[in-house]
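All remarks here apply to the structure that follows.
The values are calculated or read from the model by the stated rules, or taken from the named source; none is laboratory data. All values reported here derive from a predicted model rather than from experimental measurement. Because the Cβ atoms are built from the backbone with ideal geometry, glycine has one as well, and the counts that use them run over all protein chains shown. For the accessible areas, the whole protein counts, side chains as well, though only heavy atoms, and no ligand, DNA or RNA atoms are used. Shrake-Rupley method; radii C 1.70, N 1.55, O 1.52, S 1.80 Å.
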Amino acid sequence: PPPPVDPDILEQERRATLESRIHYFDRLLRTWVGQVAKINRKKVGHANLARKEILPKLRSPQEEYTRMTIEDSSEQVLQLFIAILIRESEWENDGIMQLTTVLRESSAKIPHTDTKK
């Protein structure tokens, strides 16, 4: 049988993993806000609002994002980010499609270490 694990150490490891994920998503969301600014400067405020709305959800251990791999949760967070942008401001369909492509491409450039498999 495996050796017993100290519950305090296990909790510290869980907290470090969560903080690492939050840091990754904070960087990702900030990158996305920057990409929105490059595409349409007038919508950067809405993008920043989306970032501020999403981050607390990512910090909550009850949210589904914390139980997914980073790749899976990144796509879910991207969809939420886009949905908030659409809710807060008007976009043409081709503009949203272009933005989604740009955001996916920028996501691939941000390194992460995911401990969930």
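Quick notes on this one:
- In the set Pro61, Pro56, only one residue is open to solvent by 20 Å² or more (accessible area, probe 1.4 Å) and not in a helix (DSSP H, G or I); that residue is Pro61.
- Qualifying residue in region 50-58 (condition: acidic (Asp, Glu), within 16 Å of His23 (Cα to Cα) and out of contact with any Leu (no Cβ under 7 Å at 6 or more places or on another chain)): yes
- A residue that is open to solvent by less than 20 Å² (accessible area, probe 1.4 Å), within 12 Å of Ser107 (Cβ to Cβ) and either modelled with pLDDT under 90 or basic (Lys, Arg) (or both) occurs nowhere in region 31-40.
- Taken across region 73-81, residues that are part of a helix (DSSP H, G or I), open to solvent by 20 Å² or more (accessible area, probe 1.4 Å) and in contact (Cβ under 8 Å) with a residue 60 or more places away in the chain do not occur at all.
- Sole residue being open to solvent by 90 Å² or more (accessible area, probe 1.4 Å), out of contact with any helix residue (DSSP H, G or I) (no Cβ under 6 Å at 6 or more places or on another chain) and assigned to a helix (DSSP H, G or I), chosen from Arg87, Arg21: Arg87
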